[in-house]
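Working notes, structure below.
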Amino acid sequence: MAGRNLHEAYQNFISPMSEALHCITEVPLIVRERNRLVTDTPFSVTLGKMDPVLLKGEAPLHLTVGQRIRIIRTEDPSDVRGPFKIRTIDYIYLLATTDDDEIPNFQWTPEDRADETANVVTFPHLHLGPALTGSKPQIRPKNLHKAHIPTGRVSLEAVIRLAIVEFGVRPHRQDWDAVLQRTEAAFMEWRTR
Amino acid sequence: MATRLQSRLAEPERLPQRRATPGIEYVSQQQGVEILDQQAWKYLGMSGQEFVQRYRAGEIDDPTRTDVRRVAMLIPLAER
């Protein structure tokens, strides 16, 4: 997302994210007030206070969504959308059962320092939770849930769509697919990496 | 178990209602401090201030685990 000033870039990022989440939950995004925006500084964008949010449907699920972002100033004078853009520091998109057994846990921490001993990777990945691996997986039986399954960058809309289409979460609006297509298209056009 | 899980669920009605933007709650730095502290106690059994210090010093065991990530995501809400 981008903008002609910091506020516009910030709003152009969080508004579509909020609209997409509103397809499945009434819990709001929590963000900092807009009067303190500066470039190159981390900001939180979280669904509620990072607690699991109940999603109703065929089988109720818990959703956790969090991102840390920074606003950067680019130097491309030909970009009419404005010089201020949003860069992702990290994200977590987690679907879990209502017992909080994780199902898929999508994460990306591109600005972390990769450290194999600390189990830190910098590529977008997925953790398969106990709800998928079962209690006795045939490989890595003690810690298969720690394995980093490469995914490429995952959009929030893809996770919401997964919850609705594959896991039976009940959308809050009939036009949810059109909403997700629109907000996801904006994300794809404006992402900076 | 049900009580514990229920207490962890997000409750929109308890969130501060500062601005009238649907689906988005804008919080002050002081409110961010309170949220970070509340969640650090809930998930990690320590204050928000202690968590930030230990997190930045690399003193949190397995910083990639979900409960740590939940709280770490909130750090910028509390910063000036």
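Each value in this text was obtained by applying a stated rule to the coordinates, not by laboratory testing. Please read these numbers as outputs of a predicted model, since none were measured by experiment. Cβ coordinates were reconstructed from backbone atoms using ideal geometry, including for glycine residues, and neighbour counts include every protein chain displayed.
Between the listed residues A:LEU162, A:GLY3, A:ALA20, the Cα displaced farthest toward the positive end of the dipole of segment A:2-170, a dipole computed from Cβ unit charges relative to the Cα centre, is found at A:GLY3. Across peptide B:26-37, the mean count of Cβ atoms from other chains lying within 10 Å of each residue's own Cβ comes to 3. Build a GNM of chain A with springs between Cα atoms under 10 Å apart, and of A:LYS49, A:LYS136, A:LYS85 the one that fluctuates most is A:LYS136. Let me have the relative contact order for segment A:78-131, percent, based on Cα pairs under 8 Å that are six or more residues apart. Answer for segment A:78-131 is 31 percent. Under a straight-distance cross-link criterion of Cα-Cα below 13 Å, which aspartates and glutamates are reachable from A:LYS56, leaving out those fewer than 8 residues away in the same chain? Within the straight-line limit of under 13 Å, A:LYS56 reaches these aspartates and glutamates: A:GLU26.
Please compute the average number of Cβ atoms from other chains found within 10 Å of each residue's Cβ in peptide B:59-66.
Working: counts 0, 0, 0, 3, 6, 11, 2, 13.
Across B:59-66, the average partner-chain Cβ count within 10 Å equals 4.
From the Cα gyration tensor of segment A:97-155, with a ≥ b ≥ c the square roots of its eigenvalues, which class applies: rounded if a/c is under 1.5, or else prolate if a/b is larger than b/c, or else oblate?
Values: a/c = 2.28, a/b = 1.46, b/c = 1.56.
Note, shape of segment A:97-155 comes out oblate.
Each 5 Å bin from zero up to the one holding the largest Cα-Cα distance in segment A:32-86 carries the following percent of pairs: 4, 16, 17, 15, 14, 11, 9, 8, 5, 2, 0.
For segment A:6-18, the Karplus equation 6.51 cos²θ - 1.76 cosθ + 1.60, evaluated at θ = phi - 60°, returns couplings of 4, 5, 5, 4, 4, 5, 5, 8, 7, 5, x, 4, 5 Hz by residue, with Gly and Pro reported as x.
Checking the cross-link filter: which lysines have an alpha carbon closer than 29 Å to that of A:LYS142, excluding same-chain neighbours under 8 positions apart? Filter leaves B:LYS42.
Over all residues in A:30-38, what is the mean tally of Cβ atoms on other chains that come within 10 Å of each residue's Cβ?
Mean partner-chain Cβ count within 10 Å for A:30-38: 5.
Take every DSSP beta bridge whose two residues both sit in the protein assembly as shown; close to 90 percent of them are antiparallel. For segment A:95-193, the fraction of alpha-carbon pairs lying more than 21 Å apart is 46 percent, rounded to a whole number.
Would you mind estimating how fast segment A:2-170 diffuses translationally, via Stokes-Einstein at 10 °C and 1.306 mPa s with the Kirkwood radius over Cα pairs, in µm²/s? Numbers along the way, then the final one.
On the way: Rh = 17.3 Å.
So the translational diffusion coefficient is about 92 µm²/s.
Counting other Cβ atoms within 10 Å as a rough exposure proxy, the listed residues A:THR117, A:THR41, A:THR109 run A:THR117, A:THR41, A:THR109 from fewest neighbours to most. Please list, or write none, the lysines whose alpha carbon is within less than 19 Å of the alpha carbon of A:LYS136, excluding same-chain residues fewer than 8 places away. Output for A:LYS136: A:LYS146.
A simple charge model with +1 on the Cβ of Lys and Arg, -1 on the Cβ of Asp and Glu and nothing else charged puts the dipole of segment A:2-170 at about 160 debye relative to its Cα centre.
Tell me the mean residue ellipticity at 222 nm calculated for chain A from its helices only (DSSP H runs of n ≥ 4, each -39500 (n - 2.57), averaged over every residue, nearest 500). Don't jump to the answer; show the numbers that get you there.
Values: 4 runs with 41 residues, N = 193.
Helix-only estimate at 222 nm: -6500 deg cm²/dmol.
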